[in-house]
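Take a look at the structure set out below.
We did not get these values from a lab; they are worked out from the coordinates using the rules stated. Please read all numbers here as calculations on a predicted model, not as lab measurements. For neighbour counting, all protein chains shown are included, and Cβ atoms are generated from backbone atoms with ideal geometry for every residue, glycine included.
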Ligand SMILES: NC(=O)c1ccc[n+]([C@@H]2O[C@H](COP(=O)([O-])OP(=O)(O)OC[C@H]3O[C@@H](n4cnc5c(N)ncnc54)[C@H](O)[C@@H]3O)[C@@H](O)[C@H]2O)c1
Ligand SMILES: [Zn+2]
């Protein structure tokens with residue numbers, strides 16, 4: 001390549017990498033696979049090496065990708081957070097081992113091999129053993145302060161445990177990854193699919209999108225997890241062990257969640273053998289892994305080697321290829337969801353991928369198909385990373401047959417023939433017919449499921465029959481089933497029919513949260529349903545509540561319910577059809593059992609509290625629950641009627657307002673004292 005072409009290509013590569021960085025780090029919605037992204041970076045690094053004249057200090061090859069986003073305070077790490085150099089090849093891994101041996105002029109060195117967690121990098125600071133701050137990697141120098149959100153992570157302890165032989169340093173930055181389990185990922189994506197929202201491609205992107213939510217209440221509804229494995233600034237520095245292996249034991253002793261296993265290796269061969277072993281077992285880990293990290297074990301020797309502007313010289317990531325295969329796209333079928341969303345599914349010529357046979361893959365929505373120009377009869381590339389749902393990532397155009405025509409998304413619902421609609425601002429296309437049999441079936445199955453009303457005998461097969469016969473068109477119909485009708489159903493015997501009717505009857509007095517969950521309101525899972533039951537105490541008050549009951553001056557009034565969810569709830573009941581369903585359920589004799597008011601406490605009866613800032617040990621949710629359990633109210637905004645403002649660190653305008661209005665301001669310790677009845 002001549003220098004002029006190289007300069008042009010380097011420019012193009014830098015622009016394209018910047019574009020993908022923005023999508024990946026800030027929006028958590030990458031357009032290309034990691035493999036393709038890494039290839040762009042490799043090409044740029046190679047060109048910069050060949051044409052050093054065009055190498056720049058601020059080239060993406062020299063910097064840590066920046067994840068900082070709007071709405072968060074920046075916080076400067078006491079010690080920089082680095083990225084890792086990476087490779088996909090055995091040969092380069094051997095070269096790395098050899099280079100470290102050469103640079104240190106020693107052959108007998110120990111390396112540790114660890115899982116590379118595919119989450120979101122975070123630094124958690126403990127001072128005097130107490131959790132004080134959580135910050136994203138940002139640009140490596142400063143990141144977003146996500147302390148309030150990190151406090152919703154149940155597995156992240158507020159305090160480090162001190163044990164014999166493992167001192168707790170005065171100050172330590174501990175590095176790790178925030179992630180979502182596959183199960184939680186599927187649950188949330190399922191809800192998004194029902195709501196017609198864009199799906200997240202993998203748990204990493206969803207975890208990244210979640211931690212950057214400005215509303216900790218929304219974060220708390222998704223069960224984020226954390227795993228910690230590295231160290232940053234430590235004081236006093238003597239309070240650290242001499243090896244990475246020992247540090248791993250310390251992290252465990254402090255009571256922090258860490259990686260399942262570490263391997264010790266002494267040569268390139270041993271390192272590669274450990275990587276193979278890790279690859280074979282990583283499917284059983286709770287988090288997704290995208291490779292292995294190989295680190296020099298000795299911490300003093302790590303210091304000797306130091307770091308480049310971007311990554312330590314003593315570590316190297318080995319990335320696993322996501323498994324990919326080509327196969328024929330035989331057909332595109334359309335699935336109808338509970339809320340009528342029409343989801344296209346790829347029907348594939350079965351193909352072996354990551355140890356399983358894949359014959360179906362999600363195509364997400366009509367615009368995804370159009371963007372990738374996927375046509376029936378095409379040869380498509382299917383990718384499956386770990387346990388993740390297989391996805392069609394592109395078309396092999398060289399194999400496109402001339403008779404393949406662009407895919408036309410159906411204009412009518414395949415289940416009932418109603419013309420499909422696309423609501424403004426939504427990617428999804430829906431069947432608007434409330435009595436569409438597939439939607440009804442799904443709604444009733446959800447309502448009767450274990451997680452909702454738990455009606456025994458109302459499984460999929462029974463629901464199918466009830467819907468097919470036309471006996472159940474809406475949820476209230478369940479409470480008007482006719483015994484004689486039921487007895488006409490082929491296999492049904494008297495005994496099971498009576499049992500089913502009794503189970504349906506008994507469900508009328510189930511706990512309130514089960515009904516709320518069973519209605520299938522977008523975003524409202526079991527946890528949120530419990531919050532709503534506690535606050536509203538009945539179906540009618542819940543249906544009547546306005547936005548004001550949830551949000552005042554942009555702040556959530558109810559712990560656990562944020563702006564998005566509140567809008568979904570109010571929107572649901574504003575719909576005449578849904579409203580009639582609720583009215584008819586009540587008319588049919590549904591009388592849910594309300595939770596005892598305010599958790600039974602009276603200590604705080606008549607008192608209103610406002611929470612602001614970060615409390616030292618409690619999350620805002622926990623504090624709100626304790627206040628409500630004692631009979632108090634928690635409000636989102638300060639007024640003259642506020643009894644107390646509970647302020648933590650970095651309390652902002654609410655504290656100022658409290659001081660202006662002369663409202664009493666207390667801290668967490670005082671709140672606990674009051675709760676203890678002192
Ligand atoms: N698809 C896209 O558009 C796109 C865009 C940007 C970045 N990316 C992906 O992100 C990668 C670059 O991101 P990166 O700089 O975060 O690097 P990286 O993810 O390749 O590796 C560095 C990170 O690994 C993490 N890590 C996980 N387990 C670890 C362990 N046991 N020990 C030490 N660190 C561990 C750390 O957070 C560290 O910051 C690229 O390789 C690419 O795959 C993709
Ligand atoms: Zn339909």
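Couple of notes before you dig in:
- In terms of the mean number of neighbouring beta-carbon atoms within 10 Å, the peptides 619-625, 458-464, 358-364 order highest first as 619-625, 358-364, 458-464.
- When the alpha carbon gyration tensor of the stretch 222-359 is reduced to an equivalent ellipsoid, its three semi-axes come out at 41, 20, 14 angstrom, largest first.
- Evaluated at q = 0.06 Å⁻¹: base-10 log I(q)/I(0), Debye formula over Cα of the chain: -0.43
- Remark on the stretch 104-254: Rg and Dmax equal 17.4, 60 Å (Cα only).
- The chain: angle of helix 620-629 to the longest principal axis, Cα-based, in degrees nearest 10: 30
- DSSP beta bridges in the stretch 358-452 [antiparallel fraction, %, rounded to 5]: 90
- Mean shadow area of the stretch 512-595 over all directions, Cα convex hull, nm²: 4.8
- Of the residues 436, 416, 431, the one with the fewest other Cβ atoms within 10 Å heads the list, and the complete ranking is 416, 436, 431.
- Alpha carbon Rg of the stretch 398-492, scaled by the compact-globule rule 2.2 N^0.38 Å: 1.48
- Prolate/oblate/rounded call for the stretch 208-263, Cα gyration tensor, a/c under 1.5 rounded: prolate
- Cα-Cα pairs of the stretch 39-108 separated by more than 20 Å (percent): 56
- Burial ordering of 54, 247, fewest other beta-carbon atoms within 10 Å first: 54, 247
- Kirkwood-type hydrodynamic radius, the stretch 125-210: 15.1 Å, calculated from all non-identical alpha-carbon pairs.
- Scattering curve values for the stretch 531-669, log₁₀ I(q)/I(0), Debye with Cα scatterers, q = 0.09, 0.11, 0.22 Å⁻¹: -0.31, -0.46, -1.35
- Relative contact order, percent, the stretch 512-595 [alpha-carbon distance under 8 Å, six or more residues apart]: 35
- Cα-Cα separations in the stretch 598-675 greater than 15 Å, expressed as whole percent: 49
- With only Cα atoms counted, the stretch 489-555 has Rg and Dmax values of 17.0, 58 Å.
- Inverse mean reciprocal Cα-Cα distance (Kirkwood Rh) of the stretch 564-636, Å: 15.0
- Each stretch of four or more DSSP H residues adds -39500 (n - 2.57); spread over every residue of the chain, this sum gives -10500 deg cm²/dmol at 222 nm.
- Nearest-0.05 FRET efficiency for residue 660 and residue 401, computed from C-beta distance (R0 60 Å): 0.25
- Residues of the stretch 86-111 with amide N under 14 Å of a point placed 7 Å along Cα→Cβ from residue 270: 97-98, 101, 107-111
- Cα centroid separation - the stretch 256-323 against the stretch 446-517, whole Å: 53
- The Rg/Rh ratio for the stretch 3-62, using Cα coordinates for both the radius of gyration and the Kirkwood hydrodynamic radius, is 0.99.
- Once the gyration tensor of the Cα atoms in the stretch 318-373 is diagonalised, the equivalent ellipsoid follows with semi-axes of 24, 14, 12 Å, ordered largest first.
- Hydrodynamic radius by Kirkwood, which averages 1/r over all alpha carbon pairs of the stretch 323-408, in angstrom: 13.1
- Cα pair distances exceeding 19 angstrom across the stretch 437-507, given as percent: 23
- Spatially, the stretch 401-425 and the stretch 104-150 are offset by 47 Å when compared through their Cα centroids.
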